[in-house]
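A.B. asks: Please see the structure below; I have some questions.
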Amino acid sequence: MEYKSLLLTKENGLGIVTINRPDVLNARNNELSNEMYDMFTAIENDPEIRVVILTGTGKSFIAGADIREIMELGSVQVEAFLIMARRARDRIYGCKQPVIAAINGFCLGGGLEVALCCDLRIASETATFGLPEINLGIIPAGGGIARLVKLIGMARAKEMIFTGDTCDSQAALKMGFLNQVVPSGKLMDEAKAMAARLLSKSSIALNYAKKSCNSGVDMSLAAATDMDENYFCRCFASEDQKEGMQAFVEKRKANFKNR
């Protein structure tokens, strides 16, 4: 597939996906949703990519939905728009590789919902966050409500959703939305440093850990523990488990082969 709104580069096990619609602050439209779904499907099946960074060009990560595209849609047409956007978000959330959001600017509405689908979130100190849909006479419909409540709690999530107010990176960090805030000029360096830490681990173990986190959050404690135990046992069928434990006993750094 030829991509008009996305760029992909590879660097020693790292895939960097860049949203490239700077003229509209990387606003999400149907074309972008389709390309995201296709690209992350390809990434999951690419043995050269073991960790992903998702970022945006210019002043924005994703500034929300492209309002000019959807403002005249009827209820049936807008439902189709939502279905396409959801396919893309679910593809990112379910991608077996860890996905790091490197948030470089506006992260609003549908953009914040995409960031919520990433595993880790690092932002520049000048980034802006919010769910401003209420100001347009609508509500967040891309998992923003459900995922945000689980991540930061009901009271803080309701305040963001009901008021439509935005916040800066430090506030987003304090409420638990972000893992890290860095100077603007250091964003990609810090995201790549985090990616390098993950690349030093076993991809097999990371994949099982991600599945356990994503699925277990909606399970009972007993069911989630059963799943964790199952994946733990599966690790013992890998060469990486043997290498990791042998390296521990020998007091050296493990050299994982991801098999």
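A.B. asks: Name the residue that is surrounded by the most Cβ atoms within 10 Å (Cβ to Cβ), counting only residues in segment 115-132 that are over 8 Å from the mean Cα position of the chain (by Cα) and hydrophobic (A, V, I, L, M, F, W, C).
C.D. replies: Looking at residues that are over 8 Å from the mean Cα position of the chain (by Cα) and hydrophobic (A, V, I, L, M, F, W, C), I get Ala123.
A.B. asks: A follow-up question, please. How many residues are touching a Phe, Trp or Tyr at 6+ places or on another chain (Cβ under 6 Å) and either among the aliphatic types (A, V, I, L, M) or outside the structural domain of Ala88 (by TED's automatic domain parsing) (or both) when one looks only at segment 26-42?
C.D. replies: Kept after step one, since they are touching a Phe, Trp or Tyr at 6+ places or on another chain (Cβ under 6 Å), are these residues of segment 26-42: 35.
Narrowing the set further to residues that are either among the aliphatic types (A, V, I, L, M) or outside the structural domain of Ala88 (by TED's automatic domain parsing) (or both) leaves none.
Selection size over segment 26-42: 0.
A.B. asks: On to the next question. Quick one: is Thr41 touching a helix residue (DSSP H, G or I) at 6+ places or on another chain (Cβ under 8 Å), surrounded by fewer than 17 Cβ atoms within 10 Å (Cβ to Cβ) and under 25 Å from Lys192 (Cβ atoms)?
C.D. replies: yes
A.B. asks: Let me spell it out: the conditions are (1) modelled with pLDDT of 95 or more; (2) touching a Ser or Thr at 6+ places or on another chain (Cβ under 9 Å); (3) buried (at least 16 other Cβ atoms within 10 Å of the Cβ), and Leu112 meets all of them except one. Which number is the exception?
C.D. replies: (2)
A.B. asks: In the set Ala101, Ala123, which member is among the small types (Gly, Ala, Ser), in contact with a strand residue (DSSP E or B) (Cβ under 9 Å, 6 or more places away or on another chain), assigned by TED's automatic domain parsing to the domain that holds Asn30 and touching a residue at least 60 places away in the same chain (Cβ under 8 Å)?
C.D. replies: Ala123
A.B. asks: Please verify whether segment 36-55 includes one or more residues that are of a type in the set (A, V, I, L, M), out of contact with any strand residue (DSSP E or B) (no Cβ under 9 Å at 6 or more places or on another chain) and over 30 Å from Gly185 (Cβ atoms).
C.D. replies: no
A.B. asks: Do you know which residues across segment 168-206 are surrounded by fewer than 18 Cβ atoms within 10 Å (Cβ to Cβ) and in contact with a Phe, Trp or Tyr (Cβ under 9 Å, 6 or more places away or on another chain)?
C.D. replies: Asp168, Ala171, Ser200
A.B. asks: Looking at (1) assigned to a helix (DSSP H, G or I); (2) in contact with a Gly (Cβ under 7 Å, 6 or more places away or on another chain); (3) not acidic (Asp, Glu), which one does Ala191 not meet, given that it meets all the others?
C.D. replies: Condition not satisfied by Ala191: (2).
The values are calculated or read from the model by the stated rules, or taken from the named source; none is laboratory data. Everything numeric here is computed off the predicted structure, so don't read it as measured data. Cβ: placed from backbone, ideal geometry, glycine included. Neighbour counts: every protein chain shown.
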